[in-house]
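**Student:** Here it is, the structure, as structure tokens.
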Amino acid sequence: MDGDRHAADAVRSTAVIPMPAEIDIANASRLAVELDASLKPGVKTLIIDMTRTTFCDSLGVRVIARTCLIGTVAPRRAGADHPGQVWIADSRQAACLM
Amino acid sequence: MPGPGAFDSAGFEHAALFYRTPAEFAAGVLPFVEAGVEARVPVVAASQGRNLQLLRAQLDRLGERVALADLASIGPNPGRLLGWMQQVTEQHHGQPVRYVHEAVWRSRRPEEIQEVIRHEALINQIAGSWPISVLCPYDLALGRDVLASAERTHPVVLRDGHRLASPSYDPDVPVPAEYDRPLGDPPARAAVLAYRNDLARVRAFITGHADRAGLPDLRVRDLVIAVGELAANTLAHTSSPGTLAIWTTPKEVICQVHDSGHIEDPVTGRLRPDPADLGGGRGLWVVNQVCDLVQIRTGRSDTQIRLHMRLPA
């Protein structure tokens, strides 16, 4: 029972945001809004899922870097119990700057 | 008169050393290196070929404060050299560093030499902020125009053992005019695409043409990244369409982007952006890192950028 509850908490405290196939100036600001919104209270781990992504330009990298900064540094500054974690699941095939 | 080794150990210096023979190269460079070693200032000696071998042969004697760098292997794009110097300077925590910096050699092709001259000119633009002494050896067998440019882009020249202020150096001219002329139009055979919003179409266009030209997959991706950055800059900084051209020479795939933008600061894209700075300005840096040669020419009302990617031999 306990194990199940922990597992359920872990699921709720982890957010997975899938990234599109291509990230550039056309969609970067929409993704920034989406990633910001995912960093809500209770979320300890954010997974930015880039397994579908085949292209990401420097603007996309900036959006992701910003999310990493907000997600990992800001919670510590705010005195949260656990520092936030941001994971990036990447695609080996991506024409990507990361 | 102080000899060539008599550089300040702090503050900015940028001198051209003109030499005819390996002996003259050694007579000019080694005192500069030795004076650095004596003053406990790290020395980075960057050259290639025979002159690098000559320096390597002296290394045991000069000790571990001297690091060698092979400019032929740092990569052909002179647009990366300022960032490389920034990185070395940062590794030494902003302490004085001496550079031997021979970036022009006789077999280097004219387009690359042009960009080295622009790089030399831009070294002066960062004067005051880095405590570096840069000694740039120039082989007197180089073309007369290259040697004249070396005089124009170095505040100090060393010739026949004499050190003097360069008569043609003008601190108010960031880049000599002859290295700032427009690049010219792409050849008639180039494939051309006008673009504005549809960056996916730009990427598909470049991928198709670069693939067919025989550029290896990873280099095609690099070129797509570079052109994507330039096209995004058009979108972000101008209000009219840009034009993209791509063509092939026996040795290269070349892309040229033309738009109505203006790049204010000629150092843009040459210094590494601060990773913690989430503002813009990364595009041209990325372009310089992934391309074999980048030529940027900006006027009052337009900008041309030419990207070169080497084809496999």
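**Student:** Of all residues being buried (at least 21 other Cβ atoms within 10 Å of the Cβ) and among the polar types (S, T, N, Q) in segment A:50-74, which is farthest from A:W87 (Cα to Cα)? Just the residue, please.
**Tutor:** A:S58
**Student:** Which members of segment B:57-74 meet the condition of being under 12 Å from B:V37 (Cβ atoms), of a type in the set (G, A, S) and assigned to a strand (DSSP E or B)?
**Tutor:** Residue satisfying the conditions is B:A67 alone.
Conditions tested, residue by residue: (1) in contact (Cβ under 8 Å) with a residue 24 or more places away in the chain; (2) out of contact with any Pro (no Cβ under 7 Å at 6 or more places or on another chain); (3) not assigned by TED's automatic domain parsing to the domain that holds B:H119.
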position	(1), (2), (3)
B:D145	yes, yes, no
B:S149	yes, no, no
B:P155	yes, yes, no
B:P186	yes, yes, yes
B:Y195	yes, no, yes
B:V202	yes, yes, yes
B:L215	yes, yes, yes
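**Student:** Which of the residues that make up segment A:19-46 are away from chain B (no Cβ under 14 Å) and either exposed (fewer than 13 other Cβ atoms within 10 Å of the Cβ) or aromatic (F, W, Y) (or both)?
**Tutor:** Scanning segment A:19-46 gives A:R30, A:V33, A:A37, A:K40, A:P41, A:G42.
**Student:** Moving on. Give B:L278, B:L271 a once-over and let me know the one that is modelled with pLDDT under 95 and surrounded by 15 or more Cβ atoms within 10 Å (Cβ to Cβ).
**Tutor:** Being modelled with pLDDT under 95 and surrounded by 15 or more Cβ atoms within 10 Å (Cβ to Cβ) holds for just one of B:L278, B:L271, which is B:L271.
**Student:** A further question on this structure: If B:S133 satisfies all but one of (1) buried (at least 23 other Cβ atoms within 10 Å of the Cβ); (2) touching a helix residue (DSSP H, G or I) at 6+ places or on another chain (Cβ under 7 Å); (3) not charged (D, E, K, R), what's the number of the condition it fails?
**Tutor:** The number of the failed condition is (2).
**Student:** Looking only at residues that are surrounded by fewer than 16 Cβ atoms within 10 Å (Cβ to Cβ) and touching a residue at least 12 places away in the same chain (Cβ under 8 Å) in segment B:251-265, which one is farthest from B:G299 (Cα to Cα)?
**Tutor:** Per the criteria, the residue is B:K251.
The values are calculated or read from the model by the stated rules, or taken from the named source; none is laboratory data. Just so we're clear, the structure is a prediction, and the values are computed from it rather than from any experiment. Note that we place each Cβ from the backbone using ideal geometry, even for glycine, and neighbour counts take in every protein chain shown.
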